[in-house]
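Engineer: Structure in structure tokens, see below.
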Amino acid sequence: MSFSNLSLMRASRTMLSPFWGVGVLVAFVYVLIVGVPQNLLDPFGGLFTVLLAGPLTLGLAIFSRSIFRNESPHFNQLFDGFRGPFFIKSFLAYLCMTILVAVGIVLLIIPGIIVSLGLGLTFYVMADRPDLSITDCLQESWRIMDGYKLKFLGLNLRFIPWYFLGLLCLGVGILVVIPWYYVTMAGFYEKVKESRTN
């Protein structure tokens, strides 16, 4: 199944339009929790971020998926990654992804980019299929991204000017771009998954 990155971005923006307020709030809290401690709690800020980034990223994936599926998104979904076994799974998944990408970057950068693209949908897999183990989530992301890595790279590159524009708006604009980006990633996951089942 073929789909356009540009049309996916437009569709995601339309789906997000009734939820911009809560989307910006979710993005603000995410950035506040994950970004600020690195500056305030050094040398422990990095550890703090590693512990929380996985569960919060999973929460963002759950929130974004709800919007793309026309369900009922709400602010508290940001913290769903801390519930039950989700915390350990999301933390370890984030840690594994970070290590694998870092090793790939050490091996002449390009392998790191490929690994990052291949594992880019891990948290959407975890949100969609909570029964899977950490390894299965990583492998499933890698499997469904086969043949879609370049397209996924193109989609990420399309957001760079928007993030840059957000920075020019005193950084506040980034809080508008973040929910749009994550809803679009949720849409990419849905499209790729659908292509694998047809």
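Engineer: Can you work out which of the residues in the range 164-194 that are open to solvent by 20 Å² or more (accessible area, probe 1.4 Å) and outside any helix (DSSP H, G or I) is nearest to Leu16 (Cα to Cα)? Please lay out each step first, then the result.
Structural biologist: Step one: list which residues in the range 164-194 are open to solvent by 20 Å² or more (accessible area, probe 1.4 Å), which gives 164-165, 167-172, 174-176, 181-182, 190-191, 193-194.
Still in the list and also outside any helix (DSSP H, G or I): 169-172.
Values: Cys169: 20, Leu170: 23, Gly171: 20, Val172: 18 Å.
So, considering only residues that are open to solvent by 20 Å² or more (accessible area, probe 1.4 Å) and outside any helix (DSSP H, G or I), the one nearest to Leu16 (Cα to Cα) is Val172.
Engineer: Then there is this: May I ask you to say which residue of Gly104, Gly59 is open to solvent by less than 10 Å² (accessible area, probe 1.4 Å), under 14 Å from Phe123 (Cβ atoms) and either touching a Cys at 6+ places or on another chain (Cβ under 7 Å) or of a type outside the set (Asp, Glu) (or both)? So that I can check it myself, show each step before the final result.
Structural biologist: Numbers: Gly104 fails: under 14 Å from Phe123 (Cβ atoms).
The unique qualifying residue is Gly59.
Engineer: Tally the residues that are open to solvent by 20 Å² or more (accessible area, probe 1.4 Å) and either in contact with a strand residue (DSSP E or B) (Cβ under 6 Å, 6 or more places away or on another chain) or assigned to a loop (DSSP other than H, G, I, E, B) (or both), restricting the search to the range 115-131.
Structural biologist: Going through the range 115-131 one residue at a time, the tally reaches 4.
Engineer: Now for a separate question. Please work out which residue is farthest from Ile67 (Cα to Cα), limiting yourself to the range 140-198 and to residues that are of a type in the set (S, T, N, Q) and modelled with pLDDT under 90. Explain how you work it out, then say what you get.
Structural biologist: Going through the range 140-198, the residues of a type in the set (S, T, N, Q) turn out to be 141, 156, 184, 195, 197-198.
Then drop every residue that is not modelled with pLDDT under 90, which leaves 195, 197-198.
On the way: Ser195: 20, Thr197: 22, Asn198: 24 Å.
Here the answer is Asn198.
Engineer: Taking only the range 132-163 into account, find how many residues are assigned to a helix (DSSP H, G or I) and hydroxyl-bearing (Ser, Thr, Tyr).
Structural biologist: Number of matching residues: 3.
Engineer: Let me ask another. Within the range 54-86, can you find the residues that are free of Cβ contacts under 8 Å to residues at least 12 places away in the same chain, within 24 Å of Lys191 (Cβ to Cβ) and not acidic (Asp, Glu)?
Structural biologist: Residues satisfying the conditions are Ser66, Ser72.
Engineer: Also, I was wondering about something else. If you scan the range 132-163, which residues turn out to be of a type in the set (A, V, I, L, M, F, W, C) and either open to solvent by less than 30 Å² (accessible area, probe 1.4 Å) or touching a residue at least 40 places away in the same chain (Cβ under 8 Å) (or both)?
Structural biologist: Within the range 132-163, Leu132, Ile134, Cys137, Leu138, Ile144, Met145, Phe152, Leu153, Leu155, Phe159 meet the criteria.
Engineer: Please go through the range 80-97 and pick out each residue that is exposed (fewer than 15 other Cβ atoms within 10 Å of the Cβ) and part of a helix (DSSP H, G or I).
Structural biologist: Hit for the range 80-97 is Ile88, nothing else.
The values are calculated or read from the model by the stated rules, or taken from the named source; none is laboratory data. Note that the structure is a prediction, hence the values are computed from the model and not measured. Methodologically, a virtual Cβ is constructed for each residue, glycine included, from the backbone with ideal geometry; neighbour enumeration extends over all protein chains shown. With ligands, DNA and RNA removed, areas are computed over all heavy atoms of the protein, side chains included. Shrake-Rupley method; radii C 1.70, N 1.55, O 1.52, S 1.80 Å.
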